[in-house]
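The values are calculated or read from the model by the stated rules, or taken from the named source; none is laboratory data. Quick caveat: nothing in here was measured; it's all calculated off a predicted structure. Heads up, the Cβs are rebuilt from the backbone with ideal geometry, glycines too, and the neighbour counts pull from every protein chain shown.
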Amino acid sequence: MQGKYRSDEEIASWRARDPIPRLAQVLEERGWLEVGGVAAIEARVAEIVASAVRDAEAAPLARTERLRDAAYPERWA
């Protein structure tokens, strides 16, 4: 059993119906996407996400006294 609530068979059944690989196959067959193009897109997205995470982790933490101002602007007070 892979997860708490779904059997391996159920997960495999849904993965077989995943529209992304099916769409990629159609796009490749029509010549609108290079073979392996989805992998290149996924790799680029992973780079972008990793960069965003590094930037967020490197950013200074907000001062706690500013949290109220962000949650409750003066116009709402």
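In the range 47-57 there is no residue matching the filter, namely being modelled with pLDDT under 90, out of contact with any helix residue (DSSP H, G or I) (no Cβ under 6 Å at 6 or more places or on another chain), of a type in the set (A, V, I, L, M) and in a helix (DSSP H, G or I). When the residues of the range 1-31 are filtered to those that are within 23 Å of the chain's Cα centre (by Cα) and either on the phi > 0 side of the Ramachandran plot or among the basic types (Lys, Arg) (or both), the one that is surrounded by the most Cβ atoms within 10 Å (Cβ to Cβ) is 6.
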